[in-house]
1. Quick check on segment 236-260: of everything there that is among the hydrophobic types (A, V, I, L, M, F, W, C) and surrounded by 14 or more Cβ atoms within 10 Å (Cβ to Cβ), which residue is nearest to R290 (Cα to Cα)?
2. May I ask you to list the residues in segment 308-350 that are buried (at least 22 other Cβ atoms within 10 Å of the Cβ) and either outside any helix (DSSP H, G or I) or within 15 Å of the chain's Cα centre (by Cα) (or both)?
3. Any residue that is in contact (Cβ under 8 Å) with a residue 12 or more places away in the chain, closer than 29 Å to N222 by Cα and among the charged types (D, E, K, R) - is there at least one of those in segment 104-119?
4. Inside segment 245-271, can you point out the residues that are in contact with a Gly (Cβ under 7 Å, 6 or more places away or on another chain) and within 20 Å of H159 (Cβ to Cβ)?
5. May I ask you to list the residues in segment 161-175 that are under 19 Å from E105 (Cα atoms), within 17 Å of the chain's Cα centre (by Cα) and assigned to a helix (DSSP H, G or I)?
6. I need the full set of residues from segment 38-87 which are assigned to a strand (DSSP E or B), under 29 Å from Y103 (Cβ atoms) and not hydrophobic (A, V, I, L, M, F, W, C), in order please.
7. Within segment 4-29, restricting attention to residues that are hydrophobic (A, V, I, L, M, F, W, C) and surrounded by fewer than 17 Cβ atoms within 10 Å (Cβ to Cβ), which residue is nearest to V90 (Cα to Cα)?
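Quick note: the coordinates plus some simple rules give every number you see, no bench work behind them. Everything quoted here is computed from the prediction, not taken from an experiment. Here Cβ is always computed from backbone atoms with ideal geometry, including for glycine, and neighbour counts include all displayed protein chains.
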Amino acid sequence: MDVAIGCIGSGFIMADCHLVAYRQAGFNPIAIASRSFDKAKQVAERHQLPTAYEHYEQLLDDPRIEVVDIAVPPDIQLEVVRAAVRRKHVRGLLAQKPLGVNYAEAVEIVRLCEDAGITLAVNQNMRYDQSIRACRQLIDRGDLGEPVLGTIDMRAIPHWMPWQQRLGWVTLRIMSIHHLDTFRFLFGNPQRVFASLRPDPRTARKFAHEDGICLYILEYENGLRASSVDDVWTGPALEGSESDISIRWRVEGTEGIARGTIGWPNYPAKTPSTLDFTTTRQPGYWFQPRWKDVWFPDAFVGPMAQLLVALETQTEPEISGRDNLGTMALVEACYRSAAEHRAIEIAEITG
């Protein structure tokens, strides 16, 4: 597509995921700016971007740029959005998750974009993993019947970003936010959540935090339950023991079961996610479709594609900023639940 994209940020997510995916899809990134001009120039050369700017304000002043892809730390995101909405030539923003440092800041970002008439999308990319998209299709066409139970079991050791130490964050706003958004994508908004958190012993040796290992249960009005174990410790796998690393998900319905794996923990090895499903409509079989695409970086096409289509059709993207407030509210509810040792109604966050 010919819409010119300006990129702010030159870290791993931009350099190894966004821009790789955009080139594969034929999108049109033309410029980049970063805190480090040298790093911006390196990424521009690597991905054949015509222009590298010393500061994001210079990039935002470029009248060619209609869409801005923001990949900066969460505590800087609001500042960048405030600057972007002042440019009349900017039509769309793709913001990194989490959308700001908390729910209130996310609400402010959404308000700024709506007031400026700018379409805001959020880079919640796990819902664009092919196994998750296919599971949603199974639910929509009734192969699983009414969903009864959904689970995610993550046993993985992520690569943490340097800014996380500054903010004191580990798992809930970084990894669990993907799972919470995926549950919303598959099942809609829950009524309440109960969460329990503890520090990750490995990361605790580097900096203090509360959300290393996260367990939570989402309760839906119709009786559906969804839960996740987000374990970034996974035992002493880096300290000498054997490792047992994976991300597995499962959806049980009244007429079928879907189960899958997410291949991301093996990155940079290209390990596609998987899906198996069985249904009473065709009893006696486990169907096992397979793909070559992988979450990192291929699924990163989805959010930008959604934004570009929304601009072309003058519609709201599936991962709009306003929709993402539901995910941000869930994250906030998990923190409050863990702090107060009780189930939190989502309405307590959203008002």
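1. Looking at residues that are among the hydrophobic types (A, V, I, L, M, F, W, C) and surrounded by 14 or more Cβ atoms within 10 Å (Cβ to Cβ), I get A258.
2. Scanning segment 308-350 gives P317, I319, G321, N324, T327, M328, A329, L330, V331, I344.
3. First pass over segment 104-119, keeping only residues in contact (Cβ under 8 Å) with a residue 12 or more places away in the chain: 105-110, 112-116, 118-119.
Okay, now just the ones that are also closer than 29 Å to N222 by Cα, so 106-107.
Right, trim to among the charged types (D, E, K, R) and you get none.
Scanning segment 104-119 turns up no residue that is in contact (Cβ under 8 Å) with a residue 12 or more places away in the chain, closer than 29 Å to N222 by Cα and among the charged types (D, E, K, R).
4. T271
5. Q164, L172, R173, I174
6. Within segment 38-87, the first condition is being assigned to a strand (DSSP E or B), and the residues that meet it are 51-53, 67-70.
Keeping just the survivors that are under 29 Å from Y103 (Cβ atoms) gives 67-70.
Within segment 38-87, D69 is the sole residue that qualifies.
7. Just the residues of segment 4-29 that are hydrophobic (A, V, I, L, M, F, W, C), to begin with: 4-5, 7-8, 12-15, 17, 19-21, 25, 27.
When the remaining residues are screened for being surrounded by fewer than 17 Cβ atoms within 10 Å (Cβ to Cβ), the result is 12, 25.
Numbers: F12: 25, A25: 22 Å.
The residue in question is A25.
Each row is one residue, and each column tells you yes or no for (1) of a type in the set (A, V, I, L, M, F, W, C); (2) more than 28 Å from R141 (Cα to Cα); (3) in a loop (DSSP other than H, G, I, E, B); (4) touching a residue at least 40 places away in the same chain (Cβ under 8 Å).
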{"residue": "A226", "(1), (2), (3), (4)": "yes, no, no, yes"}
{"residue": "T234", "(1), (2), (3), (4)": "no, yes, yes, yes"}
{"residue": "G240", "(1), (2), (3), (4)": "no, yes, yes, no"}
{"residue": "V251", "(1), (2), (3), (4)": "yes, no, no, yes"}
{"residue": "R281", "(1), (2), (3), (4)": "no, no, yes, yes"}
{"residue": "Y285", "(1), (2), (3), (4)": "no, no, yes, no"}
{"residue": "R290", "(1), (2), (3), (4)": "no, no, yes, no"}
